[in-house]
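Asker: To start, I am sharing the structure in question, which I have written as structure tokens.
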Amino acid sequence: MSSTKNTLMVAFRQMLKRFGPRGWWPGETPFEVMVGAILTQNTNWGNVERAIANLKREGVLDPKAILSLHTSTLQRLIRPAGYFRVKAKRLRHFLEYFVENYGGCDRRMAKCDLPRLREELLSVNGIGPETADSILLYALKKPVFVIDAYTKRILSRHGLSAEDDTYDDLQELFMDRLPPDVPIYNEYHALIVETGKDYCRTKPRCDECPLNGWNW
DNA sequence: GACCAGGCACATC
DNA sequence: GATGTGCATGGT
């Protein structure tokens, strides 16, 4: 266990050395982070930035302001992020929950405990485990480890996960072995994404990967 | 033109 | 419960 813990931190330091702190999540406010978490589902971040810029330009990057938009207007503004019809619905579902339960106030929401918030978020149509955890960690500063496609791919490539491991299995793997520390969870996930982008796409460059030899 | 990107819900078997 | 499919834009 302790050697595993050490291995996880060694991998962390290797990635940090290679890329430096990523400073996630890019977003000026917790609310912007929440919107970004939904818009970035299976989507390149650059496209999400365009969509968020549109919302800002129209002065509607605000829970109630977005809710008051006509559906076609919302769709037009978030169009660059792709899947704009489904994402308009998902955004609305989340905002209805957010405004109804917390008055659209992230600080009020952050006062609630993690297990309750996670369960609530997962019950919102359009919010799955990764989106829920991204909101919890990056917007509300709750200690949850975010698992994403890169994490799955990297763990699998290094033989550190099984085919049938679920999202929760992989999350447990990290959370059992790391202290419940928001800055570490934040930086760790961001660095895994960065490592995945550079070395672990469909044509992997395993030889150069900073996680070469990673094991536990 | 193919492939990729910081998922999720739903239909079908 | 597992497997397959639709959703869509913009960069490389």
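Asker: Against the definition (buried (at least 17 other Cβ atoms within 10 Å of the Cβ) and either within 20 Å of A:R18 (Cα to Cα) or aromatic (F, W, Y) (or both)), how does A:G196 come out, yes or no? Give the derivation first.
Answerer: Details: buried (at least 17 other Cβ atoms within 10 Å of the Cβ): yes; either within 20 Å of A:R18 (Cα to Cα) or aromatic (F, W, Y) (or both): yes.
Spelling it out, A:G196 is indeed buried (at least 17 other Cβ atoms within 10 Å of the Cβ) and either within 20 Å of A:R18 (Cα to Cα) or aromatic (F, W, Y) (or both).
Asker: Let me confirm something: among A:E100, A:E96, which residue is away from DNA strand C (no atom under 13 Å from the Cβ) and touching a residue at least 24 places away in the same chain (Cβ under 8 Å)? Lay out the reasoning, then the answer.
Answerer: Numbers: A:E100 fails: touching a residue at least 24 places away in the same chain (Cβ under 8 Å).
Just a single option satisfies the conditions, and that option is A:E96.
Asker: Determine whether A:A65 is away from DNA strand C (no atom under 16 Å from the Cβ), surrounded by 13 or more Cβ atoms within 10 Å (Cβ to Cβ) and more than 21 Å from A:V99 (Cβ to Cβ). Steps first, please.
Answerer: Numbers: away from DNA strand C (no atom under 16 Å from the Cβ): yes; surrounded by 13 or more Cβ atoms within 10 Å (Cβ to Cβ): yes; more than 21 Å from A:V99 (Cβ to Cβ): no.
Against the criterion (away from DNA strand C (no atom under 16 Å from the Cβ), surrounded by 13 or more Cβ atoms within 10 Å (Cβ to Cβ) and more than 21 Å from A:V99 (Cβ to Cβ)), A:A65 does not qualify.
Asker: Yes or no: the range A:181-198 includes at least one residue that is closer than 14 Å to A:R153 by Cα, assigned to a loop (DSSP other than H, G, I, E, B) and hydroxyl-bearing (S, T, Y).
Answerer: There is no residue in the range A:181-198 that is closer than 14 Å to A:R153 by Cα, assigned to a loop (DSSP other than H, G, I, E, B) and hydroxyl-bearing (S, T, Y).
Asker: Looking at the range A:128-172, which of its residues are without any contact (Cβ under 8 Å) to a residue 24 or more places away in the chain, aliphatic (A, V, I, L, M) and over 26 Å from A:G36 (Cβ atoms)?
Answerer: A:A162
Asker: Just to be sure, is A:F84 touching a residue at least 60 places away in the same chain (Cβ under 8 Å) and within 16 Å of DNA strand B (Cβ to nearest atom)? Steps first, answer last, please.
Answerer: On the way: touching a residue at least 60 places away in the same chain (Cβ under 8 Å): no; within 16 Å of DNA strand B (Cβ to nearest atom): yes.
It is false that A:F84 is touching a residue at least 60 places away in the same chain (Cβ under 8 Å) and within 16 Å of DNA strand B (Cβ to nearest atom).
Read-outs: derived from the displayed coordinates by stated rules, not from any lab. Predicted model, so just to flag it, every value in this text is computed and none were measured. For neighbour counting, all protein chains shown are included, and Cβ atoms are generated from backbone atoms with ideal geometry for every residue, glycine included.
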